[in-house]
Structure formats: structure tokens, C-alpha cells
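*Asks:* To start, I am sharing the structure in question, which I have written as C-alpha cells.
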Amino acid sequence: MVRVFAYVRPHRLEDVKSAVSALNVTGLTVSDARGCGNNPEAAVLFAGQEVLTTLPFRSKIEVVVPDEDAGEIVCAMVEAARTGQPGDGKVFVERVADVIRVRTGQRGDAAV
């Protein structure tokens, strides 16, 4: 199993969520995040003045899937999140050693 998680622009969240759901992934966690990446953030025009947000808001989307589904999930997230501009986000993939469903005690893929 792997955990695939992405940091994306908040206005792309619904597209990413829909792309992942279209691949029959039923478990999904979304949270708000703030941070910065490798590229400096560009100032935006707000009320006639340029404003620079040093730690812009991002949406974090997490799923845990079988190894064989990871590539397809990653591609779907990247395509749905991409605007072509710096700051589109990042997708990470990491191994999950085990999963335990608290209610039933199931372990591994059955618990996902």
C-alpha cells in the first residue's frame, strides 16, 4: 500500500477530488495547509495594491491505495491540479507499512 498526498491550489481541489473519485477511490482526506515551495510567490493585485502572501494557502488531499493503483492516482492528481503556473503544487508517494481498521481489527488491504 502507498499513501499518495498532494498539495494543490484551493481552486483546483474540486477537480482533483473528482479525478480521484472517478478512479473508484472511496477514502479521501482533505485538509487546509499553508507553506511555500521552491519558487518565490508572485504578488497579486488586491484592492488596487500589490500584496505578497509569504505562506499561501493550499489544499492537501490524501489517499491510501494498493501499490498497483498509485501511478494512475498520481497522474489523475497531476493533470487535475495543473494550471501551468509556478505554485501548482506537488504530489508525494510513500509506503504504508500497515493499516488497522479500529472497528473490526482488519489489517492491510482489507482495512483500506
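*Asks:* Does Val93 meet the test of being buried (at least 16 other Cβ atoms within 10 Å of the Cβ), aliphatic (A, V, I, L, M) and not in a loop (DSSP other than H, G, I, E, B)?
*Replies:* So Val93 does not fit the description; no.
*Asks:* Suppose the filter is over 19 Å from Val112 (Cβ atoms), out of contact with any Ser or Thr (no Cβ under 9 Å at 6 or more places or on another chain) and touching a residue at least 12 places away in the same chain (Cβ under 8 Å); does Asp32 pass it?
*Replies:* Here the answer is no, as Asp32 does not meet what is asked.
*Asks:* Here's another thing I want to ask about it. Residues to consider are Arg58, Arg3; find the one that is closer than 28 Å to Ala111 by Cβ, basic (Lys, Arg) and part of a strand (DSSP E or B).
*Replies:* Arg3
*Asks:* Name the residue, out of Ala47, Ala76, that is of a type in the set (A, V, I, L, M, F, W, C) and either within 27 Å of Ala111 (Cβ to Cβ) or in contact with a Leu (Cβ under 9 Å, 6 or more places away or on another chain) (or both).
*Replies:* One residue alone meets the criteria, Ala76.
*Asks:* Restricting attention to the range 96-112, does a residue exist that is exposed (fewer than 15 other Cβ atoms within 10 Å of the Cβ), closer than 25 Å to Asn38 by Cα and touching a residue at least 40 places away in the same chain (Cβ under 8 Å)?
*Replies:* The answer is no, given that none of the residues of the range 96-112 is exposed (fewer than 15 other Cβ atoms within 10 Å of the Cβ), closer than 25 Å to Asn38 by Cα and touching a residue at least 40 places away in the same chain (Cβ under 8 Å).
*Asks:* To continue, here is another question. So which residues in the range 11-59 are of a type outside the set (A, V, I, L, M), farther than 29 Å from Ala97 by Cα and exposed (fewer than 13 other Cβ atoms within 10 Å of the Cβ), if there are any at all?
*Replies:* His11, Glu14, Asn38, Asn39, Pro40, Phe46, Gly48, Gln49, Glu50, Thr54, Phe57
*Asks:* When you check Val96 against the structure, is it at pLDDT 95 or above and under 14 Å from the mean Cα position of the chain (by Cα), yes or no?
*Replies:* So Val96 does not fit the description; no.
*Asks:* Another question about this same structure. Among the residues that make up the range 33-44, is at least one of them among the hydrophobic types (A, V, I, L, M, F, W, C) and part of a helix (DSSP H, G or I)?
*Replies:* Checked against the condition, which is being among the hydrophobic types (A, V, I, L, M, F, W, C) and part of a helix (DSSP H, G or I), the range 33-44 yields no hits at all.
*Asks:* Mind listing whichever residues of the range 42-88 are among the polar types (S, T, N, Q) and at pLDDT 85 or above?
*Replies:* Within the range 42-88, Ser59, Thr83, Gln85 meet the criteria.
*Asks:* For the range 41-58, indicate whether the set of residues that are closer than 22 Å to Met1 by Cα, of a type in the set (Lys, Arg) and touching an Asp or Glu at 6+ places or on another chain (Cβ under 9 Å) is non-empty.
*Replies:* no
*Asks:* Among the numbered criteria (1) on the phi > 0 side of the Ramachandran plot; (2) in contact (Cβ under 8 Å) with a residue 40 or more places away in the chain, which single criterion is violated by Ala47?
*Replies:* So the condition that Ala47 fails would be (2).
The values are calculated or read from the model by the stated rules, or taken from the named source; none is laboratory data. Only a predicted model underlies this, so the values are computations on that prediction, with no experimental measurement involved. No Cβ is skipped: glycine too gets one built from the backbone with ideal geometry, and neighbour counts run over all protein chains shown.
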